[in-house]
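Chemist: The following block contains the structure, expressed as structure tokens.
Every number here is computed from the coordinates shown, using simple stated rules; none is lab data. This is a predicted model, so every value here is computed, not measured. For neighbour counting, all protein chains shown are included, and Cβ atoms are generated from backbone atoms with ideal geometry for every residue, glycine included.
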Amino acid sequence: MTTGFGDYVRTRREALRAHDDRYSLRQVAQRIGVEPSFLSKVERDETPPPSEAKIVALAEELGEDADVLLALAGKVSSDLQAAIRKRPELFATLIRELKDLPDRAVLRLVRDVRDGKW
């Protein structure tokens, strides 16, 4: 079963709070620039996830990967959207071809491209 954005955020924040009181809902909300009531509703999936900027701030605050939180929120970062818009057919084909490959194969491909071995 896939974890939703709000549940994931709440679980992560509460795990951090168990060791550090700075991760109370009120304090996290204040640090990312939202009202505590809004963050509470997000965590309970009563309202849609916030903007990309707030999700990125939340990811940083919780020590999470921003792309993971964006994906859980059903969003794609603006830099990835820009890259896809430049070559939409190519990226659509690439993603569809990679979707069923094991992680190790995708990571190998990424390393090869990054290292110029392609």
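Chemist: Tell me, which residue of region 1-41 that is assigned to a loop (DSSP other than H, G, I, E, B) and within 17 Å of the chain's Cα centre (by Cα) is surrounded by the fewest Cβ atoms within 10 Å (Cβ to Cβ)?
Modeler: The first filter runs over region 1-41 and keeps only residues assigned to a loop (DSSP other than H, G, I, E, B), leaving 1-4, 18-20, 24, 33-35.
This time we only want the ones that are within 17 Å of the chain's Cα centre (by Cα), so: 2-4.
Values: Thr2: 6, Thr3: 11, Gly4: 15.
Taking the candidates together, the pick is Thr2.
Chemist: Next question. I'd like to verify a number: residues in region 42-86 that are closer than 22 Å to Asp20 by Cα, in a helix (DSSP H, G or I) and without any contact (Cβ under 8 Å) to a residue 40 or more places away in the chain, how many? Spell out the reasoning first.
Modeler: Within region 42-86, the subset closer than 22 Å to Asp20 by Cα is 42-44, 54-66, 69.
Narrowing the set further to residues that are in a helix (DSSP H, G or I) leaves 42-43, 54-62, 66, 69.
This time we only want the ones that are without any contact (Cβ under 8 Å) to a residue 40 or more places away in the chain, so: 42-43, 54-57, 59-61, 66.
Total meeting the criteria: 10.
Chemist: Take region 76-114 and flag every residue that is of a type in the set (S, T, N, Q) and either farther than 26 Å from Phe5 by Cα or over 19 Å from the mean Cα position of the chain (by Cα) (or both).
Modeler: Filtering region 76-114 down to residues of a type in the set (S, T, N, Q) leaves 77-78, 81, 93.
Within region 76-114, just Thr93 meets the criteria.
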